[in-house]
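Inspection log for the structure reproduced underneath, given as structure tokens.
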Amino acid sequence: MTGQEAVGLVFKNYSGFYYVQAVEGQVYECKIRGKLKETVVSGDWVTFTPLDSGRGIIESIQERKNLLYRPKIANVTMVLIVMAVDRPAPSLALLDRLLLLAALQKIEPCILLNKCDLEPDAKANLIMDYYPQAGFKVLSISAKQQLNLEAVRDLLQGQIAVLAGPSGVGKTSLINTLTYGLNLKTQEVSRKIGRGRHTTRHVELFPIDKQGWIADTPGFSVLDLPAMKSTELADYYPDFSVFREECRFTDCLHFREKECGVKNALENGKIPDFRYNNYIQLLEEVMEKEKCYR
Ligand SMILES: Nc1nc2c(ncn2[C@@H]2O[C@H](COP(=O)(O)OP(=O)(O)OP(=O)(O)O)[C@@H](O)[C@H]2O)c(=O)[nH]1
Ligand SMILES: [Mg+2]
Ligand SMILES: [Zn+2]
């Protein structure tokens, strides 16, 4: 099929070459057509002209669904937010911030509680008790003991996924276990370049079974919130939505207002303190930014 254009996914960019997996499965080592001005990044869907001996030339980039920065990766559809049940104990504030960042980028989040072979910290129990009924997917897993990893594999089918979460929760362990065949490679890379590898521009997506991809990099290296309206923040809280109907003001921030459905739910224990307090912390951050732009 030499000469005819094909479509594929860029999964690695290394020393001037772009590695593209065509839709039918074959991998091509590609250069970029000179006239193409945009930068090609991992996660890009491209059209390319296949040449002999597994080489090719990228002709154009398809429109991106989203683009994460530092490192750049396009079309991310899922973020696996990893927390350990203990060692280290989960950070609920970071969890809520990551859930918000995912929603803002239109990326589906999934919470992975790793190290389920250990006795859970009280905060891990809060996560298991509250987030599933709040509308979030939560899986208890153990990368080390290989528990419930089939569920993660199923989840990754058809996705381009990134990891997020604090240091030491087991993100690299998880990627190593999920990508069995590629184990060695991942370890080599991390040993050689150490922790600094997250600043590298060569983001690699690893295949999970046949149809899923996961990036060997933490998804949101920048945890700052983008500029947004304070009145829109609660839109990203699926668990607040039914209670917001009872707010007196349509633009209620659920902060200092009276007759607020969200604050009533807090009083009645339907929204837990930590979830509301995390919301207020993020709200104050958004309001602070709003002031600067005014
Ligand atoms: N008990 C237990 N320990 C685990 C599990 N998964 C990972 N660990 C251990 O947790 C430690 C940290 O794991 P890493 O995979 O390096 O964690 P990380 O999230 O990649 O950390 P950073 O790269 O610093 O962000 C290692 O000692 C792992 O062996 C698990 O399921 N159970
Ligand atoms: Mg790591
Ligand atoms: Zn309200």
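The values are calculated or read from the model by the stated rules, or taken from the named source; none is laboratory data. Note that the coordinates shown come from a computational prediction; the quantities given were computed from them, not determined experimentally. Cβ sites come from the backbone with ideal geometry, for glycine too, and all protein chains shown count toward neighbours.
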When you go through 57, 61, 32 one by one, which is the residue that is farther than 19 Å from residue 216 by Cα and touching a Lys or Arg at 6+ places or on another chain (Cβ under 6 Å)? 57
So how many residues does region 6-60 have that are surrounded by 14 or more Cβ atoms within 10 Å (Cβ to Cβ) and of a type in the set (D, E, K, R)? 6
May I ask you to list the residues in region 110-128 that are surrounded by fewer than 19 Cβ atoms within 10 Å (Cβ to Cβ), without any contact (Cβ under 8 Å) to a residue 40 or more places away in the chain and over 20 Å from the mean Cα position of the chain (by Cα)? 117, 118, 119, 121, 122, 123, 125
Please determine whether any residue of region 152-162 is in the same structural domain as residue 208 (by TED's automatic domain parsing) and either farther than 18 Å from residue 211 by Cβ or within 14 Å of ligand 2 (Cβ to nearest atom) (or both). yes
Would you point out the residue of region 215-243, among those that are aromatic (Phe, Trp, Tyr) and within 15 Å of residue 103 (Cα to Cα), that is surrounded by the most Cβ atoms within 10 Å (Cβ to Cβ)? 237
Would you confirm whether any residue within region 247-270 is surrounded by fewer than 20 Cβ atoms within 10 Å (Cβ to Cβ), in contact (Cβ under 8 Å) with a residue 24 or more places away in the chain, more than 16 Å from ligand 1 (Cβ to nearest atom) and among the charged types (D, E, K, R)? yes
Among the residues of region 135-144, is there at least one that is out of contact with any Cys (no Cβ under 7 Å at 6 or more places or on another chain), over 25 Å from residue 274 (Cβ atoms) and buried (at least 17 other Cβ atoms within 10 Å of the Cβ)? yes
Is it the case that residue 34 is not assigned by TED's automatic domain parsing to the domain that holds residue 166 and not in a strand (DSSP E or B)? yes
Residues that are touching a helix residue (DSSP H, G or I) at 6+ places or on another chain (Cβ under 6 Å), surrounded by fewer than 21 Cβ atoms within 10 Å (Cβ to Cβ) and in the same structural domain as residue 169 (by TED's automatic domain parsing): does region 72-83 have at least one? no
Taking region 244-285 as the region of interest, how many residues are under 13 Å from residue 96 (Cβ atoms) and outside any helix (DSSP H, G or I)? 2
Check whether at least one residue in region 194-205 is in contact with a Pro (Cβ under 9 Å, 6 or more places away or on another chain) and at pLDDT 90 or above, and report yes or no. no
Can you name the residue in region 129-158 that is under 19 Å from the mean Cα position of the chain (by Cα) and basic (Lys, Arg) and is also nearest to residue 100 (Cα to Cα) among such residues? 137
